[in-house]
Amino acid sequence: MGSLRTEPSAPVLGYPARRRFTLDVLIDEQDRLELLRAEARRGLTRRPKELPPKWFYDQRGSALFDAITGLPEYYLTRRERAILRVHAGEIAAITGARTLVELGSGTSDKTRLIIDALDAAGTLEYFVPFDVCRPALEDAGAALLDEYPRLQVHAVVGDFDLHLAAIPHEGPTLVAFLGSTIGNFPAPARAELLGELRRMLGVGGFFLVGTDLVKDRARLDAAYNDSRGITAAFNRNVLRVLNRDLDADFVEERFEHVAAFDPELELVDIRLRSRVAQTVHVAALGLNVAFAAGEEMRTEISTKFRRTGLERELRASGFSAAGWWTDRAGDFALSLWRVG
Ligand code: AVJ
């Protein structure tokens with residue numbers, strides 16, 4: 001994996017905005033394609049078939065996800081923002097963070113509430129947005145520099161399965177992982193991620209995580225089967241990504257969006273179901289992929305959490321509880337954990 005720095009580091013307070021922005025590229029376009037090829041080959045040749053959810057998020061996929069966050073059925077984003085509005089000040093006071101790292105930051109939209117609070121407390125110096133999508137980091141970085149004249153932004157383009165250890169940070173550090181994105185990871189991968197974070201943070205570091213909570217099945221099913229079909233389009237977008245980047249010939253209409261809460265595993269299981277028997281050619285992999293009529297390919301899990309379970313997982317990874325906040329309805333939780 002190449003690592004190149006495209007802007008001078010060591011930004012100095014008071015310099016023009018561009019001197020307060022650095023961008024580390026830990027995964028470039030070639031690396032990204034290599035990873036996509038490896039993961040697509042693995043996922044399309046195993047039984048049952050699966051594709052990792054990170055490949056939803058090209059420009060169109062990110063726009064579709066943005067649209068999802070505004071859907072009446074999709075309460076997660078609104079609930080998390082409501083919690084942050086009320087409790088960001090407490091989070092700032094507890095952590096006294098000098099560096100704020102945001103994993104999978106996208107547009108850093110809700111994060112502004114945390115930045116505001118840390119900025120008002122006077123402790124924040126560095127914002128480190130970490131994302132696999134470079135343009136999103138560049139856009140968000142530029143906007144933040146204008147909005148926060150004292151802030152230095154050190155953006156990192158990377159993959160959180162691979163590059164957490166390389167995230168730069170100075171002084172008391174808070175890593176934020178919002179949106180219940182942690183729910184995309186199956187339990188063993190969550191333990192792996194938490195272990196990496198613990199090592200990266202060191203004793204005294206803080207981790208803030210957003211988690212959707214187990215609730216009424218009908219509401220969960222509705223949140224992932226919206227009436228406008230935006231979630232279905234988002235799900236099928238991964239097929240477009242494979243068509244474009246791996247020269248595949250998926251026909252979107254031949255796959256149906258399927259999403260349902262599994263009450264045993266307490267996760268929403270999201271799949272694409274082949275409507276017909278068909279063979280798809282993936283030219284970049286030299287691969288023909290046969291689908292039986294009705295065959296399902298998993299594209300995402302969205303784990304729903306309970307406080308006790310989450311506490312157990314975090315404790316097992318070396319964190320202790322430092323805060324637990326929910327919205328009034330108890331739909332969503334934001335929790336703070338300290339290493340050690
Ligand atoms: C961004 C992973 C949190 O699981 O709710 C939304 C993605 N998928 N609708 C979620 C998603 C379908 C979302 N996360």
Here are A93, A67, A120: which of them is open to solvent by 20 Å² or more (accessible area, probe 1.4 Å) and closer than 18 Å to T181 by Cα? A67
Taking the residues in the range 170-193 that are more than 13 Å from the ligand (Cβ to nearest atom) and buried (at least 22 other Cβ atoms within 10 Å of the Cβ) as candidates, determine which candidate is nearest to L84 (Cα to Cα). A176
Name, by its number, the condition in (1) open to solvent by less than 80 Å² (accessible area, probe 1.4 Å); (2) in a loop (DSSP other than H, G, I, E, B); (3) of a type outside the set (D, E); (4) modelled with pLDDT under 95 that does not hold for L13. (1)
Looking at N288, is it away from the ligand (no atom under 12 Å from the Cβ), not in a helix (DSSP H, G or I) and not hydroxyl-bearing (S, T, Y)? yes
Give me the pairs: first residue in the range 301-322 and open to solvent by 20 Å² or more (accessible area, probe 1.4 Å), second residue within 16 Å of the ligand (Cβ to nearest atom), beta-carbon distance under 6 Å, and six or more apart or on different chains, which are they? R306/V214
Flagged in the range 295-340 as assigned to a loop (DSSP other than H, G, I, E, B), closer than 13 Å to T211 by Cβ, touching a Lys or Arg at 6+ places or on another chain (Cβ under 7 Å) and more than 15 Å from the ligand (Cβ to nearest atom), in numbering order, are D327
Which residue, of A232, A259, A218, is closer than 30 Å to L194 by Cα and among the small types (G, A, S)? A259
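Between L76, L44, L64, which is away from the ligand (no atom under 16 Å from the Cβ) and either touching a helix residue (DSSP H, G or I) at 6+ places or on another chain (Cβ under 6 Å) or over 17 Å from L137 (Cα atoms) (or both)? Even if it seems obvious, please write down each step before you answer.
Details: L76 fails: away from the ligand (no atom under 16 Å from the Cβ); L64 fails: away from the ligand (no atom under 16 Å from the Cβ).
Answer to the selection: L44.
Looking only at residues in the range 230-256 that are open to solvent by less than 30 Å² (accessible area, probe 1.4 Å) and within 14 Å of the ligand (Cβ to nearest atom), which one is nearest to L71 (Cα to Cα)?
T231
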Counted residues in the range 194-228 being surrounded by fewer than 19 Cβ atoms within 10 Å (Cβ to Cβ), more than 12 Å from the ligand (Cβ to nearest atom) and outside any helix (DSSP H, G or I) come to 8
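The values are calculated or read from the model by the stated rules, or taken from the named source; none is laboratory data. Bear in mind the structure is a predicted one, so any value in this text is a computation, not a measurement. All Cβ positions, even for glycine, are placed from backbone atoms using ideal geometry, and neighbour counts span all protein chains on display. What goes into the accessible areas is simple: the full protein's heavy atoms, side chains included, and nothing from ligands, DNA or RNA. Shrake-Rupley method; radii C 1.70, N 1.55, O 1.52, S 1.80 Å.
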